[in-house]
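Let me begin by presenting the structure, written as structure tokens, before commenting on it.
The values are calculated or read from the model by the stated rules, or taken from the named source; none is laboratory data. In this text the structure is predicted, and so the values were computed from the model without any measurement. Methodologically, a virtual Cβ is constructed for each residue, glycine included, from the backbone with ideal geometry; neighbour enumeration extends over all protein chains shown.
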Amino acid sequence: MQNIVFAAISPHPPIILPTVGSKEDREKVQKTIQNLHKLGEKLKTLEPHSIIISSPHPDWGFNVPLFFLAPEFSGEIKKYLIGSEDPSFYFQKGKDLYKELDQDKKYALIASGDMSHVLKTDGPYGFHPDGPKFDKDFIEALEKKDINKILELDKCYPEAAECGLRSFCFLLGILEAYDKNWEAQVLSYEYPFGVGYLVVHFLLE
């Protein structure tokens, strides 16, 4: 039985919530919002027993992705809060976690996190050249399934000010241990406010 039935990367800015962001703000991130809703419909049809969601932040780090991806989910939700250890640490944690999963249950994986926060001079954290370089290299490495490169990106671009890499590595560790073929389908990437929002759907064998 295929026990991993869904996997995705979701950004988590509170501004995309209708109760937080203005209509004008939300219009600037329509690709992000639309693709998260589409993934939510996909997840619903797969009827997982449990959702495993990782995030570098409490509260909105979990609540924003779940608002779009699992608004009516009534099953078990397992939250793992990501810290500041090396990305390889969380990659291994993901591999270890997979060994504990019930082979007779269906799991959905959500890696919550934003990309670089230094993509625009008028953004909340200003601009640094490491920001766009990190985002570009991460997306390219993910599409090529170059895990080794992904695990070293924080060292290559130490000033990228990203928050999602370790959360993403945790999910990739689970998929590595799952040992089935996967492909990363990048649905959208945008940064109207200077913070990168990446939405990825993992196509699973």
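Structure values in brief
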| read-out | value |
| --- | --- |
| Selection count, the range 10-33, where residues are assigned to a helix (DSSP H, G or I), of a type outside the set (K, R) and surrounded by 14 or more Cβ atoms within 10 Å (Cβ to Cβ) | 6 |
| Residues of the range 153-175 satisfying the condition of being surrounded by fewer than 16 Cβ atoms within 10 Å (Cβ to Cβ) and either in contact (Cβ under 8 Å) with a residue 60 or more places away in the chain or touching a Lys or Arg at 6+ places or on another chain (Cβ under 9 Å) (or both) | C156 |
| Selected residue (criterion: surrounded by the fewest Cβ atoms within 10 Å (Cβ to Cβ)) from residues of the range 53-74 that are of a type in the set (A, V, I, L, M) and touching a helix residue (DSSP H, G or I) at 6+ places or on another chain (Cβ under 8 Å) | A70 |
| Condition met for E162 (closer than 16 Å to P87 by Cα and within 15 Å of the chain's Cα centre (by Cα)) | yes |
| Any chance G61 is assigned to a helix (DSSP H, G or I), within 13 Å of G113 (Cα to Cα) and of a type outside the set (A, V, I, L, M) | yes |
| Matching residues, the range 133-163, being part of a loop (DSSP other than H, G, I, E, B) and touching a Pro at 6+ places or on another chain (Cβ under 7 Å) | C163 |
| Residue within the range 43-55 that is assigned to a helix (DSSP H, G or I), in contact with a His (Cβ under 8 Å, 6 or more places away or on another chain) and at pLDDT 95 or above present | no |
| Only one of K99, K95 that is within 22 Å of C163 (Cα to Cα), of a type in the set (D, E, K, R) and over 13 Å from the mean Cα position of the chain (by Cα) | K95 |
| Whichever residue in the range 110-132 is without any contact (Cβ under 8 Å) to a residue 60 or more places away in the chain and part of a helix (DSSP H, G or I) and, among such residues, is nearest to Y189 (Cα to Cα) | P132 |
| Residues (under 18 Å from P71 (Cβ atoms) and more than 16 Å from the chain's Cα centre (by Cα)) located in the range 16-28 | L17, P18, T19, V20, G21, R26 |
| K105 being among the basic types (K, R), more than 26 Å from E190 (Cβ to Cβ) and not in a helix (DSSP H, G or I) | yes |
| Failed condition for H128, given (1) surrounded by fewer than 16 Cβ atoms within 10 Å (Cβ to Cβ); (2) modelled with pLDDT of 95 or more; (3) not small (G, A, S) | (1) |
| Residue match in the range 78-86 (condition: free of Cβ contacts under 8 Å to residues at least 12 places away in the same chain and within 23 Å of D104 (Cα to Cα)) | no |
| Every residue from the range 68-91 that is under 24 Å from I150 (Cβ atoms), modelled with pLDDT of 95 or more and assigned to a strand (DSSP E or B) | K78, K79, L81 |
